[in-house]
Ligand SMILES: Nc1ncnc2c1ncn2[C@@H]1O[C@H](COP(=O)(O)OP(=O)(O)O)[C@@H](O)[C@H]1O
Ligand SMILES: Nc1ncnc2c1ncn2[C@@H]1O[C@H](COP(=O)(O)OP(=O)(O)O)[C@@H](O)[C@H]1O
């Protein structure tokens, strides 16, 4: 499913939706990168609230964007991850990176 | 899923649920027949509102019970069938039988 | 979407009726069918597979069932269900509405009729003692909607 | 529920990642798994199948993938994913967290790690030029809950 974007000052919020696998990840990746090029973005928020499935492809999506945002001196926020998405992102150590913060899922 | 029963005077209401295929139908059939034996039932209402799938096995369930109820001089009501369940029951001509009536699904 | 041939083989157990229709539903999902198309395909597959289990293998719970799925066109799905059970001696008669050899088990004889109304084409090949192959062909409207 | 062997073969197309995990989910559904177990199995299968598509067949979109599913016990499911692609020369290295030959494509090297944390056992057999077989073994708690 399509990623939905909105811009809040210099922060881009990317709301991912549906199932994230290696097939879907290619599209998500390029959609986000297009937005990053289009606007003057400093920070990025990934919103996982509407994600129904994710495998390790999600790690690459997050880490790849993290590197770009850090190069700009910005920060990354992971929002709304459910326990399984969280578990996978945690394995990659992404929550321990400088400039990467988690916002808990609303229950 | 289990069929839920309740008795209203001499009418048994059988609320079917989940997927009805030939595997599930065996169970549904014997559950209803047990109730018919247990209580002094004259009429039978099949409630299909919670049925998510049905193939032609549903026809046998309805027709078999219809015969028993007719032998007792009672009537059968088909309630809450969605368009696909309806279509299958219609193919069997069950709605045209004496003493078998349809009650439309609430929208 | 053309082709994408899938071959699957499973046991003639009653609980595999629901497995087989879930496989068919998952298979056509990539073509973005309507909810109605999805239900129609599931129903037709359910009939073909339960016939193999109940009639072909006479409810013994043994025997293999093969299902071949492919897109012969990007909007036309082909599903072939094969068993190596008892076979059908008179296919024309078997396809008639209300004809059933399982009336004592409350079979309605409407399985083939349901397959026919929910598919665009139903092909039946059968030989007594050898087995039966039922092919369901279904055109999905998906691409006409665009 | 013991045994119930299913064999399925499909093409190494990217869209079949989701098909394969739906098949696995439908397969274990008869054992009434928890939502979490269902997701864990889907995730592990997704990793194994996407590895076959991406690494085994190097994203060419061609080649066959086989999946064998069975219950080796009524609560223990066995899923084996086989490809006849390039194979892995050093399996031990490949299984290490963060090791990936696809870093340029933003592969994280966490596929095997995810399979391991979501399964009870992961077996890998591979031969360069011949292909790879990944077996996932998962115990479902279903029956202990009773
Ligand atoms: N796979 C099969 N193997 C053997 N006989 C079959 C098979 N499928 C159908 N038949 C025969 O065709 C008849 C009609 O089938 P169908 O229209 O599906 O109705 P039903 O399954 O309710 O009997 C069956 O009663 C059976 O005798
Ligand atoms: N089916 C396969 N065929 C060939 N190589 C594979 C296969 N599966 C895994 N590999 C190799 O093992 C490495 C690690 O795999 P994995 O842990 O899943 O991480 P990733 O897929 O992110 O690279 C891959 O980068 C690849 O080199």
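A short reminder: the numbers here are calculations on the coordinates, not readings from a lab. None of the values given here were measured: they were computed from a predicted structure. Backbone-built Cβ (ideal geometry, glycine too); neighbour counts: all protein chains shown.
Worth a mention:
- Where only DSSP H runs of four or more residues are counted, chain C gives -9000 deg cm²/dmol as its mean residue ellipticity at 222 nm, each run worth -39500 (n - 2.57).
- The ellipsoid that matches the Cα gyration tensor of the range C:53-146 has semi-axes, each √(5λ) in whole angstrom, of 27, 16, 11, with the longest given first.
- Axis-nearest residue of C (beta carbon) for the C-onto-D rotation, whole Å: C:8, 2
- Note on chain C: GNM, Cα springs under 10 Å; of C:105, C:115, C:67, the largest mean-square fluctuation is that of C:105.
- The Cα-based radius of gyration of the range D:1-47, divided by its Kirkwood radius, gives an Rg/Rh of 0.98.
- Mean projected area in nm² (Cα convex hull; one quarter of hull surface) for the range B:2-103: 5.5 nm²
- Largest GNM mean-square fluctuation among D:42, D:60, D:70, using chain D with Cα springs under 10 Å: D:60.
- Among beta bridges that DSSP assigns inside the protein assembly as shown, antiparallel share in %, nearest 5: 70 percent
- Residue and distance for the chain A Cβ closest to the axis that moves A onto B, in whole Å, come to A:52, 10.
- In the range D:70-146, the DSSP beta bridges split such that about 100 percent are antiparallel, to the nearest 5.
- Using C-alpha pairs below 8 Å separated by at least 6 residues, the relative contact order for chain C is 27 percent.
- Convex hull projection area averaged over all views, the protein assembly as shown, Cα basis, nm²: 27.2 nm²
- Using C-alpha pairs below 8 Å separated by at least 6 residues, the relative contact order for the range A:5-107 is 28 percent.
- Size estimate for the range C:8-102 follows the Kirkwood approach: the inverse of mean 1/r over distinct Cα pairs works out to 14.1 Å.
- Among C:65, D:8, the ranking by other beta carbons within 10 Å of each residue's beta carbon, starting with the fewest, stands as D:8, C:65.
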